[in-house]
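Since the structure comes first, as structure tokens, the remarks are kept for the end.
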Amino acid sequence: MSQNVIDIADAEAAHAAAVAAVEAGEVIVLPTDTVYGVGAQATSGAAVQRLLDAKQRGRDLPPPVLVAEVAMVRALAAEVDERVTALAEAFWPGALTLILRARPSLRMDLGDRGDTIAVRVPDHAFTRELLRRTGPLAVSSANVHGQEAALTIADAVGQLGASCSVYLDGGTMSGPEPSTIVDLTGPTARILRSGRLGADALATVLPELASELTDDVPDDQG
């Protein structure tokens, strides 16, 4: 599989190539508001497996799902409660990933995710438009597992090579600090990974997060 690097300044060409690759079950590299991401069609287990293979990562670390709009979360999550709504209104689009209970009928083989799903609305206009055209994408940081996330398209190509068919060049990303991950699957919200959004900012919306911090989730989720 050859690498096709496209500057997103030509938005229509970039969107068309990315959509075609995603629909074909291929893996792409796309810009986000944190680091470059490696993405695949979230509803295709085979495509998600290609993403995991590209990262040399196991199914025990399922990728999050990026969506274009807060409204799309309702199609993925079993419940969108007032905590989700409050955090989404305050911080989406942005560097916040929410772990929610997935709809029991959700047909997304993302790996060993149990009954949960991680979702985010990125603060990147080009990528949100791409997501409107593709639907939800499984997206993880663009790097081989254990390596630093790519901040340039050259770094992404250097790490991932022919495992990705389309590379969307959006310049240098603003990372490397990743999104903050908050688990809302239980009665009490928990910060699983500190990132660009600090606990103090989150606590202005959910006061219970003021002192809650664990580090159960690896850093290479973007």
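Structure values in brief
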| read-out | value |
| --- | --- |
| Entirely in region 1-50, the strands (runs of 3 or more DSSP E) that have 1 or more residues that are farther than 26 Å from Trp92 by Cβ and among the β-branched types (Val, Ile, Thr) | 4-7 |
| Strands (runs of 3 or more DSSP E) wholly inside region 141-222 containing at least 1 residues that are modelled with pLDDT of 95 or more and of a type in the set (Asp, Glu) | 166-169, 180-183 |
| Residue within region 65-83 that is touching a Gly at 6+ places or on another chain (Cβ under 6 Å), open to solvent by less than 30 Å² (accessible area, probe 1.4 Å), under 30 Å from Gly158 (Cβ atoms) and part of a loop (DSSP other than H, G, I, E, B) present | no |
| Residue satisfying all of: in region 110-140; open to solvent by 50 Å² or more (accessible area, probe 1.4 Å) and in a loop (DSSP other than H, G, I, E, B); farthest from Thr85 (Cα to Cα) among these | Asp112 |
| Matching residues in region 189-209 - criterion: being open to solvent by 50 Å² or more (accessible area, probe 1.4 Å), of a type outside the set (Ser, Thr, Tyr) and either over 15 Å from Leu96 (Cα atoms) or more than 18 Å from the chain's Cα centre (by Cα) (or both) | Arg190, Asp200, Pro207, Glu208 |
| Criterion: at pLDDT below 95, open to solvent by less than 30 Å² (accessible area, probe 1.4 Å), within 21 Å of Ser174 (Cβ to Cβ) and among the hydroxyl-bearing types (Ser, Thr, Tyr) - qualifying residue of Thr34, Thr97 | Thr34 |
| Residue in region 174-188 that is closer than 29 Å to Ala71 by Cβ, hydrophobic (A, V, I, L, M, F, W, C), buried (at least 18 other Cβ atoms within 10 Å of the Cβ) and touching a helix residue (DSSP H, G or I) at 6+ places or on another chain (Cβ under 6 Å) present | yes |
| Contacts under 9 angstrom Cβ, first residue in region 38-58 being surrounded by fewer than 19 Cβ atoms within 10 Å (Cβ to Cβ), partner among the aromatic types (Phe, Trp, Tyr) and in a strand (DSSP E or B), 6 or more apart | none |
| Selection within region 1-15 - open to solvent by 60 Å² or more (accessible area, probe 1.4 Å), out of contact with any strand residue (DSSP E or B) (no Cβ under 9 Å at 6 or more places or on another chain) and either closer than 21 Å to Asp123 by Cα or among the small types (Gly, Ala, Ser) (or both) | Ser2, Asp10, Glu12 |
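The values are calculated or read from the model by the stated rules, or taken from the named source; none is laboratory data. Computed from a prediction, not measured in an experiment: that's the story for all the values here. No Cβ is skipped: glycine too gets one built from the backbone with ideal geometry, and neighbour counts run over all protein chains shown. The accessibility values were calculated without ligands, DNA or RNA, using every heavy atom of the protein model including side chains. Shrake-Rupley method; radii C 1.70, N 1.55, O 1.52, S 1.80 Å.
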